[in-house]
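Working notes for the structure below.
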Amino acid sequence: MTGARLAMADGGRISFRAVILGVLTDIVGSLAVMTAVGVIVGIAAAAQGAPQAELDLQLQRPGFLMPSVLLGLGFTALGGFVAGRVSGRLETIHGCLVGSVCVVLGILLWPLSASVPAWYTVVSLLGSVPLGLLGGYLAENTRGVPLL
């Protein structure tokens, strides 16, 4: 490893900056959207006079958790796309690395998510690398195409 780059067999290099930006896209995007959804659900429950225990129960139902895991995985794909576009090369590898970093973070943070059902964590962990890879693949297939 030389500096912040890792040599690849084909002469390409991994851009750690791109991977970090992709991971940050995933984490910040997921947290922002899920916080906004939680606030909206909380406001709606408070407007109906629901007690805090009822709100906690609603946030643990599959009807809330399934869309949230899909949103989270969507942001993983977006993070893979960002990493691929920022790197400008080896896009699928960069996307895969974003998903891999998210898996490692998910495993490290698993003990802190005691209130989250195991299926949610398993789906998140199993989906991270394929969705990061998908984002990188999409970045590779849109190389040279302006985004706006």
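From the helices alone, meaning DSSP H stretches of at least four residues, give me the mean residue ellipticity at 222 nm for the chain, per-run term -39500 (n - 2.57), in deg cm²/dmol to the nearest 500. My calculation for the chain gives -25500 deg cm²/dmol from helical runs alone.
As a proxy for reagent exposure, ranking Leu97, Leu71, Leu133, Leu147 by other Cβ atoms within 10 Å from fewest up yields Leu147, Leu71, Leu133, Leu97. Computed from the C-beta positions of Ala36 and Gln58, the FRET efficiency with R₀ = 22 Å rounds to 0.90. Among (1) 1.08; (2) 1.04; (3) 0.96, only one was calculated for this model; which label is it, if the read-out is Rg/Rh (Cα atoms, Kirkwood Rh)? For Rg/Rh (Cα atoms, Kirkwood Rh), the calculated option is (1). Hey, how many Å between the Cα centroid of segment 96-118 and the Cα centroid of segment 14-60? About 15 Å separates the Cα centre of segment 96-118 from the one of segment 14-60. Within 12 Å, Cβ to Cβ, of Leu134, how many net charges do the neighbouring residues add up to if Lys/Arg are +1 and Asp/Glu are -1? In short, -2. For the chain, the relative contact order comes to 29 percent (Cα pairs under 8 Å, sequence separation of at least 6).
Where a number appears in this text, it was derived from the coordinates with a stated rule and is not lab data. Bear in mind the structure is a predicted one, so any value in this text is a computation, not a measurement. Glycine gets a Cβ as well: all are built from the backbone with ideal geometry, and neighbour counts include every protein chain shown.
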